[in-house]
Amino acid sequence: LSKVMKVTEGDSKVITTELLSAYDDTAKPQELVFTITRPPSQGHLAMITGKNVSIKSFTQLDLATQKVIYTHTSKADIGEDLFYFQIRNAVNVTKDGSFKVQITSIDKELPTLAVNVPLTVVQGDQAVLTGQNLLVTDPDTPVSNLTYIITGPPQHGALMREGLRISDMFT
């Protein structure tokens, strides 16, 4: 059994037998060994007693007693992680598998006004508003999700996008 586990960015979560489990009629839970063949790239696996020490293997008994945790450690805004493993039983029969982790990002940083330079326009003319005049930055939010909300319209002109007046917001 291998189901997707959901983890919030920067958090740790126990991998339970409802999410990852192996069964073999001939083996006891401590004899079913999961050996990590490719570790996760956005975090690490550890025992709950040593959260900062990565492990290379664990047993079905470790899963049943809720000792194995995944900790998300990456600063990258990647919504998924994956690790590969090989399960071995007491008589060295092996099976390959993988385990997927879905990472829910959190907005930890507030947007910051980085540039606010007046736009100079000749009377009766038009000018393009660019990042040279107005720029907001936010390290944990994609640029396409940054929105400027217009709280008051221009007093001596209009904001336009593709020939249409903008009165509420723009990105």
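Things worth noting here:
- Computed FRET value (nearest 0.05) for Asn133 with Ile78, which takes r as the C-beta separation and R₀ as 30 Å: 0.40
- Whole-number percent relative contact order across the chain, with pairs defined as alpha carbons under 8 Å at least 6 apart: 21 percent
- Label-point gap, in nm, between Arg161 and Asp96 - each point 7 angstrom along Cα→Cβ: 4.7 nm
- Cα shape, the chain, gyration tensor, a/c 1.5 rule: prolate
- Three-way shape call for region 86-156 based on the alpha-carbon gyration tensor, with the a/c threshold at 1.5: prolate
- Label-reachable residues, region 58-76, where backbone N falls under 18 Å from a point 7 Å from Glu109's Cα toward its Cβ: 73-76
- Pairwise Lys count, region 26-171 - Cα closer than 30 Å, eight or more residues apart or different chains: 21
- Loop-resident sites, region 1-65, for chymotrypsin sites (Phe, Trp or Tyr not before Pro), counting at most 13 other Cβ within 10 Å (DSSP): Tyr23
- For Lys95, net neighbour charge (Lys/Arg +1, Asp/Glu -1) across residues whose Cβ lies under 13 Å away: -1
Every number here is computed from the coordinates shown, using simple stated rules; none is lab data. Since the model is a prediction, treat every value here as computed from it, not as a measurement. Note: ideal-geometry Cβ built from the backbone for every residue, glycine included; neighbour counts use all protein chains shown.
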